[in-house]
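Worksheet: the structure to be examined is printed underneath.
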Ligand code: NAD
Ligand code: TDX
């Protein structure tokens, strides 16, 4: 077995942040398996061009023979599984890809990992890890006074996305329980930071507000998410990989519950400060309340006591410092933004927002 790791989905938002952090902080090699869907972007990894410790493989996690060949060829000590269809709104209009990648893709990886792991010699067998990156959305939604999600909260996924991730979590659990595969699962809250595709709330609002476009807030804007800066999520994953107990799940959160309208106000005020524009005026004036997301979960909150007391992980950014760093990053990387706003991106914006903006509340 080698010191290298396989990362799936390493050209996406969290995966690419993870790969960059991994290469910067370890001596070990990464095999990055990514299908480069609309959400995957080689441009996130240009700083690794020519780096012999980063092997990029374009391919689908549902391709069993490709996945098996990567285990055989690279003999990794771990696989970290980020690849997924990740956007709730897309799962409502087109759930098929979510079941395919998130459920069948995870199953394909588990099968290949199991076959590889079973043949390893004893010492290596103990060292190998399958780390599955999942979400807090598997737990469903909280009322205003409910306690935050803990690792023992029953699963109650509400969107096709959440249900497909719940299915993948259950498969990972079963491969540990039935076959003894050394698995670890992390269930994390909403991430934000560099390289996030602008279909998600924070980058969408930053870019629309910068350009003086409407800021489409779903429903009453009072839905709550627990925000975590992406680099803190990546350090949590590295911590769980190195020290997590086998077969366990760890909740990861930012201890930063904010409602959506607060998030949008913060972005508007930061842009007014950093890029004042007389033609736009106060950006809060761009806020447009639109038709709600069907089945929209009201509140997510994470109790991260387990990872903090057992493994000593804590987030380093708070929401105020993280959002300022994020807005600044987008302002400094408009070339990256322009490259990813392809025809396919425009089609999605039209599909998702045309009806919503035509149905303002
Ligand atoms: P993303 O959509 O930005 O990236 C997903 C990546 O997976 C892309 O690079 C895409 O090309 C790749 N991919 C998709 N289908 C594939 C397939 N069949 N084969 C190979 N590669 C494929 O997603 P993200 O926001 O970076 O999320 C990464 C993981 O973290 C996901 O598993 C997601 O469920 C989980 N997660 C995300 C958040 C969040 O706030 N974004 C929070 C908690 C957990
Ligand atoms: O235009 C918008 N207007 C709006 O009001 C968008 C895109 C979102 N919203 C709201 C919906 C949610 O309440 O903002 C909140 C955040 O929305 P998203 O960025 O789409 O994230 P969410 O649905 O909470 O899911 C995210 O967190 C958990 C990720 O996309 C998932 O991959 C992760 O698992």
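With respect to being touching a residue at least 60 places away in the same chain (Cβ under 8 Å), within 12 Å of ligand 1 (Cβ to nearest atom) and in a loop (DSSP other than H, G, I, E, B), residue 11 falls outside the description. Taking the criterion of being crowded, with 18+ Cβ neighbours inside 10 Å and in contact with a helix residue (DSSP H, G or I) (Cβ under 7 Å, 6 or more places away or on another chain), the residues of the range 35-55 that qualify are 41, 44, 45, 48, 54. If the condition is being out of contact with any strand residue (DSSP E or B) (no Cβ under 8 Å at 6 or more places or on another chain) and closer than 23 Å to residue 237 by Cβ, then the range 63-83 contributes only 75.
Of all residues in the range 242-263, none satisfies being farther than 25 Å from residue 299 by Cα and within 19 Å of the chain's Cα centre (by Cα). In this structure, residue 220 does not qualify as part of a helix (DSSP H, G or I), at pLDDT 95 or above, more than 15 Å from ligand 1 (Cβ to nearest atom) and surrounded by fewer than 19 Cβ atoms within 10 Å (Cβ to Cβ).
Counting only strands (runs of 3 or more DSSP E) wholly contained in the range 125-213, no element carries 3 or more residues that are away from ligand 1 (no atom under 16 Å from the Cβ) and free of Cβ contacts under 8 Å to residues at least 12 places away in the same chain. Looking only at residues in the range 303-339 that are over 27 Å from residue 207 (Cβ atoms) and in contact with a helix residue (DSSP H, G or I) (Cβ under 9 Å, 6 or more places away or on another chain), the one that is surrounded by the fewest Cβ atoms within 10 Å (Cβ to Cβ) is 312.
Of the listed requirements (1) assigned to a helix (DSSP H, G or I); (2) within 13 Å of ligand 2 (Cβ to nearest atom), residue 237 misses just one: (2). For the range 5-27, a residue qualifies if it is farther than 14 Å from residue 48 by Cβ and buried (at least 18 other Cβ atoms within 10 Å of the Cβ), and the qualifying residues are 5, 6, 8, 9, 12, 13, 14.
Screening the candidates 70, 36, 80 for the property of being over 21 Å from residue 192 (Cα atoms) and either in contact (Cβ under 8 Å) with a residue 24 or more places away in the chain or part of a helix (DSSP H, G or I) (or both) yields one hit, 70. Of 258, 284, all but one fail to be assigned to a helix (DSSP H, G or I) and within 16 Å of ligand 2 (Cβ to nearest atom); the exception is 284.
Given 121, 76, which one is over 20 Å from residue 15 (Cα atoms) and either more than 16 Å from ligand 2 (Cβ to nearest atom) or surrounded by fewer than 22 Cβ atoms within 10 Å (Cβ to Cβ) (or both)? Answer to the check: 121. Here residue 101 does not qualify as over 19 Å from residue 295 (Cα atoms), under 16 Å from the mean Cα position of the chain (by Cα), part of a strand (DSSP E or B) and within 16 Å of ligand 2 (Cβ to nearest atom).
The values are calculated or read from the model by the stated rules, or taken from the named source; none is laboratory data. Treat the numbers as computed from the prediction; the structure is a model and nothing was measured. Note that each Cβ is placed from the backbone with ideal geometry, even for glycine, and that neighbours are counted across all protein chains shown.
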